[in-house]
Each structure stands twice: as C-alpha cells, then as structure tokens.
Amino acid sequence: MGSVTMTEKDFTSKPYKTLPEHGIITWEAPSNIALVKYWGKKTNQIPENPSLSFTLSRCKTITTLSYSIKEDNSGFAFEVFLDGEKKDSFKPKIETFFKRIEPYLPFLKAYTFKIETTNTFPHSSGIASSASGMSALALCLLSIEKMIHPEMTADFFTKKASFLARLGSGSACRSVEGSLIVWGKTKTIKDSTDLFGTKYPYKVHDNFNNYQDTILLVDKGEKQVSSTLGHKLMHNHPFAKTRFKQAHENLEKLKGILENGDLNQFIEVMESEALTLHAMMMTGFPYFILMKPNTLEIINKIWKYRQDTGLPVGFTLDAGANVHVLYPEEHTKPVLKFIKNELVAYCQNEQYICDQIGLGANQL
Ligand code: DP6
C-alpha cells in the first residue's frame, strides 16, 4: 500500500473475537534530532510543515508493557513507572494518548496495563524523552494487536506504529525507524505523508554515514514552555505562513545536499533551521526564550572553530537550551578534543552525550 493513498481509516482495527489473557512486551525506541523542524500543528497532531530527522542510536527509551484482561471495559486502567518508581505525573499525557489511539486499538479498555520505562540518557537532561517514550509505548501496544492479527505485515506494522506514536507526540513518529525520516506531506519527497514518518527515499552521500551527534547538556532544568504550548503559539503567529513555506523549501534544498554531500551547505540549512525555531519562540505572543547564555557561548565557539580549522562542524537545537553538535565520523577525534577543551565548560556538570545516527526501534 503506497502511503500517498493511505488515510486514517486504513489504521482502524479489524474485528477480533478473542484477546490474549495477559502477557509482557518490551521495546526500545531511540530519540531523534530534527534537521528541518516541526513547529506548529493542526488538530489531530497533523503538522503545519514537513520535518526531517536523524534517528539517534544511544539515546533510547526502553519500555516494558505488562497487560492482563480486566473485568469491566469502563475506562483506561494503567500504572506508569520510571526506573522502578511510580510516576503519576506521566499519567495525563498517557491518558490523552490512549483516548486518541483507542479508535485504532479498540482493546485498550479491556486491559489493565503496567508501563515500566527507563531512559539511557540522564534523568531530566532536557533531552526530549517524549519522542522515544511515545514511540516505545506505541510499539508495545501495537504488538498486542499483532498477536490478535498475526497476518499483519511488517510494513503495515511499522507504519501503524509511527501513526500511533504521532498521536502521542508528533516527533515520536520519527522514532520508529532509522536513519533519516520524513514526516509531513511535501511535494519533493515521494510518499511523504502527514500521518506517519517514512524513510527518506533518495540517495544519501557517504559523508553522512554514521554522522555524529554530541549532545551538550547546557541546562537540565524543567523547560518554562512545553513544546505542546510552543506549537499552539504558531497559530496567529505573525511569521507562521512564511515559516511553514520555508520548511518545504529547506527540505527541497536538503534533498540536493544529501545527495551531493556538500557539508557546508548542509550546516547552513541545519543551523538556520535551529535559529529559526528559536526565532519563532522569540517573535510570537507570548514570546519566550529557551536558549541560555551558555547556548550562545557554545554557538559562537563552534563558529570560530569552524572558521579556524575549516572542519565541517555545525549545531542544531531542539526546544531547549542543549546544543547538538553534528559532524562527520571521520572528524570525530579533533572535534571531540575541541568539545572537551572548549565546550564542556559551558555544560551543566560538564555533561555531554556522544551519539550518532541509528537504525530505529527494536523489540527486546
Ligand atoms: C522542537 O513532538 O515534542 O523538537 O507533538 O506536542 O508532543 P508534541 O510536540 P513535540 O515537538 C517537537 C518539536 C521540536 C522539533 C522537532 O523535533 O521536529
């Protein structure tokens, strides 16, 4: 089934007669870092513009879902644990997720669930765990449907997992597969769709093999403004229309760059996307700033290092103060030396995470 022709209806479940009584499923799902940013959405988690991301490898969420049939079908029943500790603060987001996905997984109210989750990255590091977390949970839940309908193809499973993950957190739909994922319909990328993430379908130059992402943890505190609220502020934003158009153009530019391997142009698009994302935050109403002074110190150091050495090192940001430093694998040695000597001092507790492009989620 080509994704172009798919609609929400294709993801409704076929009827079933019996359900498995109980069981336990574990999935690990990676985080991802967007090169072209998703910022602004319509209802039902439909993005205002297309986005493109690298799937990461080491930053992951591992989720174990235990399920057992309950007596009544009256409501959702679940408990959530993070690193073995009950986490009631996660419940509202999961409750919303369950409500949104129930039409596509009609057995949800038939079970009591225990959701046990852990992240490979430090606690509250400011790294978005919603992408990896919602992806892992969607995969666990869909595995139950796969047991009910074993004839489900691997291709459909992947699409539906991404579709469900999107309903939990938009960027989560890009955390099912690797290594370069497109989400959001755009004319330059065939089969791109607003409903789920798809693998980038064109040629990618060897320069991007094992591309490195060293994440500098500048501020590990709670963000003052959540992404969900940030997306809302793109409604009636004075620059929204231009920004959404620009995302399509940047994707088109990147298509050429990914093919020809021009790293200077790659960095230009990536850094411009990061700064535009933060510019949107600063130019909306109410306006806000998520960068910290050390974010800017790091950006300036990266620019100086690039000028001095000519090495293709660039940065991107997500909705927070942390800086993702991206560079080709062949330059790992000098770049890590630079990071240790000059950038780590700007990180909270000198913390950073060395990651690289990854291949997607796995069932354990
Ligand atoms: C800045 O996916 O976290 O990281 O759909 O409301 O859960 P919700 O938002 P979320 O937004 C991520 C925004 C971003 C850019 C990106 O990953 O594309």
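The values are calculated or read from the model by the stated rules, or taken from the named source; none is laboratory data. It should be emphasised that the depicted structure is a prediction, and the values quoted were computed from it without experimental measurement. Cβ: placed from backbone, ideal geometry, glycine included. Neighbour counts: every protein chain shown. These area figures cover heavy atoms from the full protein model, side chains too; ligands, DNA and RNA do not enter into them. Shrake-Rupley method; radii C 1.70, N 1.55, O 1.52, S 1.80 Å.
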Problem set entry | the range 134-148, residues that are farther than 12 Å from Leu105 by Cα and either modelled with pLDDT under 95 or open to solvent by 20 Å² or more (accessible area, probe 1.4 Å) (or both) | Met147
Seminar exercise, completed: Result of the Cβ filter at 6 Å on the range 40-55, keeping first residues that are at positive phi and partners that are surrounded by 24 or more Cβ atoms within 10 Å (Cβ to Cβ) and among the charged types (D, E, K, R), at least 6 apart or interchain, is Gln45/Arg166
For this session: Identify all residues within the range 280-294 that are out of contact with any His (no Cβ under 8 Å at 6 or more places or on another chain) and free of Cβ contacts under 8 Å to residues at least 24 places away in the same chain; write none if there are none.
Result: Met282, Tyr287, Pro293
Exercise. Looking at (1) under 13 Å from Val36 (Cα atoms); (2) of a type outside the set (S, T, N, Q); (3) out of contact with any Lys or Arg (no Cβ under 8 Å at 6 or more places or on another chain); (4) within 12 Å of the ligand (Cβ to nearest atom), which is the only condition Lys232 fails?
Worked result: (1)
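Looking for whichever is more than 15 Å from the chain's Cα centre (by Cα), more than 11 Å from the ligand (Cβ to nearest atom) and in contact (Cβ under 8 Å) with a residue 24 or more places away in the chain here; the options are Lys60, Lys70. Which one fits?
Numbers: Lys60 fails: more than 15 Å from the chain's Cα centre (by Cα).
Exactly one residue qualifies, and that residue is Lys70.
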Problem set entry | Selection status of Ser179, surrounded by 24 or more Cβ atoms within 10 Å (Cβ to Cβ) and within 16 Å of the ligand (Cβ to nearest atom) | no
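Looking at Glu342, Glu297, Glu330, Glu259, which is the one that is free of Cβ contacts under 8 Å to residues at least 40 places away in the same chain and either touching an Asp or Glu at 6+ places or on another chain (Cβ under 8 Å) or surrounded by fewer than 18 Cβ atoms within 10 Å (Cβ to Cβ) (or both)?
Values: Glu342 fails: free of Cβ contacts under 8 Å to residues at least 40 places away in the same chain; Glu297 fails: free of Cβ contacts under 8 Å to residues at least 40 places away in the same chain; Glu259 fails: free of Cβ contacts under 8 Å to residues at least 40 places away in the same chain.
Going through Glu342, Glu297, Glu330, Glu259 in turn, just one is free of Cβ contacts under 8 Å to residues at least 40 places away in the same chain and either touching an Asp or Glu at 6+ places or on another chain (Cβ under 8 Å) or surrounded by fewer than 18 Cβ atoms within 10 Å (Cβ to Cβ) (or both): Glu330.
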Exercise. Among the residues of the range 36-56, which ones are open to solvent by 20 Å² or more (accessible area, probe 1.4 Å) and in contact with a strand residue (DSSP E or B) (Cβ under 9 Å, 6 or more places away or on another chain)?
Worked result: Tyr38, Lys41, Glu48
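Please go through the range 22-38 and give me each residue that is part of a strand (DSSP E or B) and within 14 Å of the ligand (Cβ to nearest atom), ordered by number.
To start, the set of residues in the range 22-38 that are part of a strand (DSSP E or B) comprises 22-36.
Within the range 22-38, Ala29, Pro30, Ser31, Asn32, Ile33, Ala34, Leu35, Val36 qualify.
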Problem set entry | Options Phe163, Phe121: the member that is part of a loop (DSSP other than H, G, I, E, B), within 16 Å of the ligand (Cβ to nearest atom) and either open to solvent by less than 20 Å² (accessible area, probe 1.4 Å) or of a type in the set (A, V, I, L, M, F, W, C) (or both) | Phe121
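Confirm whether Val313 is closer than 29 Å to Glu48 by Cβ and modelled with pLDDT of 95 or more.
On the way: closer than 29 Å to Glu48 by Cβ: no; modelled with pLDDT of 95 or more: yes.
Spelling it out, it is not the case that Val313 is closer than 29 Å to Glu48 by Cβ and modelled with pLDDT of 95 or more.
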Exercise. Does Tyr104 count as within 22 Å of Thr193 (Cα to Cα), of a type outside the set (S, T, N, Q) and more than 16 Å from the ligand (Cβ to nearest atom)?
Worked result: yes
Problem set entry | Of residues in the range 57-98 being assigned to a helix (DSSP H, G or I) and of a type in the set (A, V, I, L, M, F, W, C), the one most open to solvent (accessible area, probe 1.4 Å) | Phe90
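When you scan the range 99-108, do you find a residue that is more than 17 Å from the chain's Cα centre (by Cα) and assigned to a strand (DSSP E or B), even just one?
In the first step, residues of the range 99-108 are kept if they are more than 17 Å from the chain's Cα centre (by Cα); the result is 99-108.
When the remaining residues are screened for being assigned to a strand (DSSP E or B), the result is none.
Within the range 99-108 (the criterion being more than 17 Å from the chain's Cα centre (by Cα) and assigned to a strand (DSSP E or B)), the answer is no, since none of the residues qualifies.
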For this session: Would you check if there is a residue in the range 267-276 being surrounded by 19 or more Cβ atoms within 10 Å (Cβ to Cβ) and assigned to a loop (DSSP other than H, G, I, E, B)?
Result: no
